[in-house]
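The values are calculated or read from the model by the stated rules, or taken from the named source; none is laboratory data. On a predicted model such as this, the values are computed, not experimentally measured, just so you know. Here the Cβ positions follow ideal geometry from the backbone for every residue, glycine too, while neighbour counts run over all protein chains shown. Side chains are part of the model used for accessible areas, which takes the heavy atoms of the whole protein and leaves out ligands, DNA and RNA. Shrake-Rupley method; radii C 1.70, N 1.55, O 1.52, S 1.80 Å.
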There are 2 protein chains.
Amino acid sequence: MSELTIGQLAKETGCKVPTIRYFEKIGMLPEPARSAGNTRIYNAATMARLTFICHCRELGFPQKAVRELLGLVDHPDQSCETVTKIAATQLDHVNQRISHLAALKVELERMISSCNGGRVAQCRIVESLADGTHATS
Amino acid sequence: MSELTIGQLAKETGCKVPTIRYFEKIGMLPEPARSAGNTRIYNAATMARLTFICHCRELGFPQKAVRELLGLVDHPDQSCETVTKIAATQLDHVNQRISHLAALKVELERMISSCNGGRVAQCRIVESLADGTHATS
DNA sequence: CTACTACCTATAGTAACTATAGATTCAAGC
DNA sequence: GCTTGAATCTATAGTTACTATAGGTAGTAG
């Protein structure tokens, strides 16, 4: 099953059909082959690419960053300098995100586990993510 | 320095001035006090709240999720059932994000470290994030 | 060969900001 | 006290990244 219609691709990736056409239009997905009747026909490589784009989107990456990452994929034989710079920048963002999320995770877990008297005593979610500030709620 | 103008708040949080007013308009920030001349005056609590919103935005949370999290902050004495349900749902999302980001991090690090021959041999970013698929690039 | 669904293009609408326009206010210097 | 330039105000228009709609064509089951 290496050939897919747009509907099958949508089902596989969880991405909506119009969104797939949109990604093609803006150049993030290649123009696929067409059947005799002009319907789009996708292969596994494009499916992998779309899955990647969807994951990036779930992670909240701006389109520009996704394009940079796809650029690494599309030109694997670029100079190391270029690749490393882009990858390092993205890695910074990823690490920041992970640490923010870890803080949020701790606080959510605390809220869930502190639920034993029928009421949650205090919510410190804001404080947990408002680092560098002196929150006085 | 517990009282801030909108400009100072923007500088402190990295959020743009019109965006702050926008958050007020849609009810994610409270209407602040006003000076004699009608300019907005903010306190530390609002700054913490805004910092939180900005972080959530960087993390790519949809506004609805941010509102739910703020709802936990605004009504800390809700029933445990409500809080736990919301917190658990958000925790699920957070955990998903963390694991996706961890996968991306590994791949970015691999790309950076594999850069020793002047060229990056192969880019497997797509494959690393396109789990569940059999990418044949 | 009809009925139904999936697909096609093109365009309009939505969510979440972001920028612009024109008027008012503050703060510093004369 | 007055000017002048930056910051603020409101209101509205524009942008980004989708998402839905409209009107028509293609494939497929009975």
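Can you pull out the chymotrypsin sites (Phe, Trp or Tyr not before Pro) in segment A:16-57 that DSSP calls coil and that have at most 10 other Cβ atoms within 10 Å?
none
Pop the C-beta distance of A:ALA102 and B:ALA33 into the FRET formula with R0 = 35 Å and round what comes out to the nearest 0.05.
Given R0 = 35 Å and the Cβ-Cβ separation, E is 0.50.
With +1 assigned to the C-beta of every Lys and Arg and -1 to the C-beta of every Asp and Glu, and no other charges, what is the dipole magnitude of segment A:1-109 about the Cα centre in debye, to the nearest 20?
Its charge dipole is roughly 420 debye.
Compute the label-point distances linking A:ARG57 to its equivalents in the other copies; points lie 7 Å from Cα along Cα→Cβ; give nm, one decimal, shortest first.
For A:ARG57, the other copies' label points sit at 2.1 nm, shortest first.
Report D for segment A:1-62 in µm² per second (integer): Stokes-Einstein, Kirkwood Rh on Cα pairs, 4 °C, 1.567 mPa s.
110
Considering every residue in B:51-60, what mean count of other chain Cβ atoms within 10 Å of its Cβ is obtained?
Counting other chains' Cβ atoms within 10 Å and averaging over B:51-60 gives 6.
Can you pull out the GluC sites (Glu not before Pro) in segment A:1-53 that DSSP calls coil and that have at most 13 other Cβ atoms within 10 Å?
Sites meeting the loop and neighbour criteria: A:GLU3.
Would you work out which of A:THR46, A:ILE26, A:THR5 lies farthest towards the positive end of the dipole of segment A:1-62? Charges go on Cβ: Lys and Arg +1, Asp and Glu -1.
A:ILE26
Just the number, please: buried accessible area between B and A, total of both chains, 1.4 angstrom probe, nearest 100 square angstrom.
Heavy-atom accessible area buried at this interface is about 4900 Å².
Give the shape of segment B:57-108 as rounded, prolate or oblate, defined through the alpha-carbon gyration tensor: a ≥ b ≥ c are the square roots of its eigenvalues, a/c under 1.5 means rounded, and otherwise the shape is prolate if a/b is larger than b/c and oblate if not.
prolate
Just to confirm the filter: which trypsin sites (Lys or Arg not before Pro) across segment A:1-70 are DSSP coil and have at most 12 other Cβ within 10 angstrom of their Cβ?
Listed in order of number, the matching sites are A:LYS16.
Is the shape of segment B:1-114 best called rounded, prolate or oblate, per the rule: a/c under 1.5 gives rounded, else a/b larger than b/c gives prolate, else oblate, with a ≥ b ≥ c the square roots of the Cα gyration tensor eigenvalues?
oblate
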